[in-house]
Each structure stands twice: as structure tokens, then as C-alpha cells.
Amino acid sequence: MLKVRLTILLIIVTIILTGCFNYRDLNRAIFVTMLVIDIDDQDNIVVYAEAFHSYRSNKNNTEQGQRLVFHATGPSLFGTIRKLNVASRYKIDYSQCKMYVFTEKAAKNGIADFLDFLIRDQEFLIRAFLAVYLGPPEELLTAEIKQDEYIGIYLYELFQDSLLSSILVNYRFSDNVNTRLMGKHIDKMNAIKIEQETVDQFVSAQGAAVFENDIMVDMLTLDETIYCNFLYDRIQSGAIEIQHPQHEDKTLTLEIRKSKTKSKMDYDGRRILMKVNIDTDVVIADAQSGLDWNKETIEKIEHLAAVKIKDGTEALFAKFKEKGIDLLDVKHDVDIRYPKSNVENPIMITNLTSEVKVHIKGSTYIRGSR
């Protein structure tokens, strides 16, 4: 009797729990892959939506996909997004959106209201990536990227590429939801731009936009983004270019295979000292001239690389400290470790020192090679 009841229950559940879309539903919905938010000279909100539409061709009776771009302007983000449906035959669905892109103009004006809406509206996913586009939005939306017709999907996969991890600040929207409200409310987003190379267009990483209270206040260069990722322990791979150990006019490129960063904070009531220990494994990737490969050469290369990382991380911290921007969110760490300290702006009393160790791997048994 129990088995019969369980069988009946299973049949009922199977009937009730149908899929989100059936074949007909898919053809009656338009799925957004990227949302671009801009503002015009009158501070109206301008929204562009790159979308995918699946339909059955009557010509050859096959399923096909079509890229569409919708555009609307209005005083509020909610109203503007709803306006996009005016030009659409079917409902525009945002549940598959991979990218939320803000123009530089919108970012400098402030994106707090935009983020709050995207967080509250349940149709928008928080696992998407955020980015700032340095240029007119039409340039991004009309770009012809041969690797993928859909720029939103292309960017989504690009941001997940571990080979680019050193020059990208890979924060998803879900990370932003937390970081924008912690400490001094500092956040970072990848900055991108479309560039032309011969006959092809491609997306170029331009570093990272730095936000304070959801307003873009500064930029990290590509090199600074690498040093920032070292400090945040977000390096998976990358490259370091140093002076050739035996030819001052030549360079040597090291490929990062592994890196680990540990930090420690000490507060004596007057000053804060942050000690950052960075341990990095590298291999020789390229040399502009031959090497006399011996123990002395290996130690010199390791020393040159360690000095470069140390100088770069400390200079980056000093640059933003001088501007009063808490890039490393020292305020958040102080609030957690010293909750009774009541330090309003701890970045101004903080000094950072980096201790870096670089290890060359894969060369133990090589002697005297050129």
C-alpha cells in the first residue's frame, strides 16, 4: 500500500514540476544577454539591451537565433527598462543576462540607484559580471566581435578566463552587493574598451574603475591592477617583466604559476601597520637574450622579480593613501579586528610593507644553457 501511495505521489509531482519554458515559450520570449546603462546631457537614463531571440524559420523549417538591440530613455531605471518592451513583440526576459555595463559618464555620475534596483528586482541575476565601458555605448553595441556574435556572452566568458586573472578584478555582482556597503564603501569594476586591430575589433582591458560610495573616483592602470590583485590574493596566473639579469638593455618575462598572499595588521592606538607576505612561483617565459644559467643567475632573477612586486604594491598603496582612497578597505579590517578603536579614516594612519618571495620553478636540473 505504501509503495502505491509513493508511486501516485511521484506521478503527481512529475506532472506539477514542469520546466520553466516549453518549446513554444522559448519562441515567445526574448532573452537579454547584456544590459548597458548610460545617462544623457539632461541626466535622463539611457538603457540598451542586447538580446537573443529564438524563432523557427518558415523558409527551411529550422530553429534559428537572432541578435537584437533595444534602446529606451526615461527618468528612472525601472520605467526605462519597462519601455524596452514597447518595441518588442514578445516579453523581454532578463533572467539570462550575463553582463551589466555602465558607461564612464554614468559611473562618474553615480550608480547607487541603478545597483539598488538591480538588487531588488528578482528577475536580474546577481551572478552576472559588472564593467565600465570607456567610450560611447553605441561603439560597444555595434562592435563586430568574430569570436562571438553576442558581446554579453563574450565578455562573460572573457572575465572567467584564468589566464587574464592578473589584469582583471573579477568581481561578480554578488560580490559587489557586499563590498559596496563595507568599510569605506570602496569597490572596483573592470574597465573595457573596443579597439581595432587590422580588420578585426576586440575588447581591450583598460584596468579597473575605482568606486567610492558608488561613484567612480579613480582608475587603476593594467600594471596597478596586477599589484592590486597581489594585495588581494587574487592572482591565478599572469606575467612579470623584469630587466635581464645579464644585459641591462634587455628584458626577461616570467610567467606566474602560483601565488599566495597573507596579510597581518597591527594597531598600537596611533599607527596601523599592515604587513603583506607574498609568495609567488614563476617560470621563465621569454628572454630577449641568452642566459648563463647558474645558481647566481636564478637568485638574481628571483630578487629582481621580488623587488618589482614589492615596489609596485607599496607604491600603489601610497598613491591611493595620498588621495585619501581606502583601496584595500583598511576600515573594514579595523572595524573587525579592533571594534572599539573608533578610527574614522584609518587609511591616513596606515603604513604598508610588502615582503615578497619569488621562486623559479622547472629549472633545478638545467645547467649552463643559453
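Miscellaneous remarks
- Leading residue by the ranking (nearest to the chain's Cα centre (by Cα)) among those in region 269-312 that are among the charged types (D, E, K, R) and farther than 30 Å from Leu328 by Cα: Asp286
- Applying the condition of being buried (at least 18 other Cβ atoms within 10 Å of the Cβ) and more than 13 Å from the chain's Cα centre (by Cα) to region 213-235 and asking which residue is nearest to Ala106 (Cα to Cα) yields Met216.
- Test result for Thr142, assigned by TED's automatic domain parsing to the domain that holds His185, in contact with a strand residue (DSSP E or B) (Cβ under 6 Å, 6 or more places away or on another chain), among the hydroxyl-bearing types (Ser, Thr, Tyr) and more than 30 Å from Glu255 (Cα to Cα): no
- Restricting region 78-104 to residues that are of a type in the set (D, E, K, R) and either outside the structural domain of Tyr171 (by TED's automatic domain parsing) or under 19 Å from the mean Cα position of the chain (by Cα) (or both), the residue that is surrounded by the fewest Cβ atoms within 10 Å (Cβ to Cβ) is Glu104.
- Figure legend. Inter-residue proximity from region 230-254: first residues in contact (Cβ under 8 Å) with a residue 60 or more places away in the chain, second residues aromatic (Phe, Trp, Tyr) and crowded, with 17+ Cβ neighbours inside 10 Å, beta-carbon distance below 8 Å, spacing 6+ or different chains. Indicated pairs: Leu231/Phe317.
- Residues that are in contact with a His (Cβ under 7 Å, 6 or more places away or on another chain), not assigned by TED's automatic domain parsing to the domain that holds His359 and not hydroxyl-bearing (Ser, Thr, Tyr) number at least 1 in the following strands (runs of 3 or more DSSP E) confined to region 180-285: 200-212.
- Scanning region 108-160 for residues that are under 23 Å from Ile39 (Cβ atoms), assigned to a helix (DSSP H, G or I) and within 15 Å of the chain's Cα centre (by Cα) yields Gly152, Leu155.
- Residue in region 331-351 that is in a strand (DSSP E or B) and not aromatic (Phe, Trp, Tyr) present: yes
- Residue ID - farthest from Leu141 (Cα to Cα), chosen from residues in region 204-219 that are among the aliphatic types (A, V, I, L, M) and without any contact (Cβ under 8 Å) to a residue 60 or more places away in the chain: Met219
- Scope region 201-210; condition over 12 Å from Ile167 (Cα atoms) and under 13 Å from the mean Cα position of the chain (by Cα); matching residues: Ala209, Val210
The values are calculated or read from the model by the stated rules, or taken from the named source; none is laboratory data. Computed from a predicted structure; not experimentally measured. Heads up, the Cβs are rebuilt from the backbone with ideal geometry, glycines too, and the neighbour counts pull from every protein chain shown.
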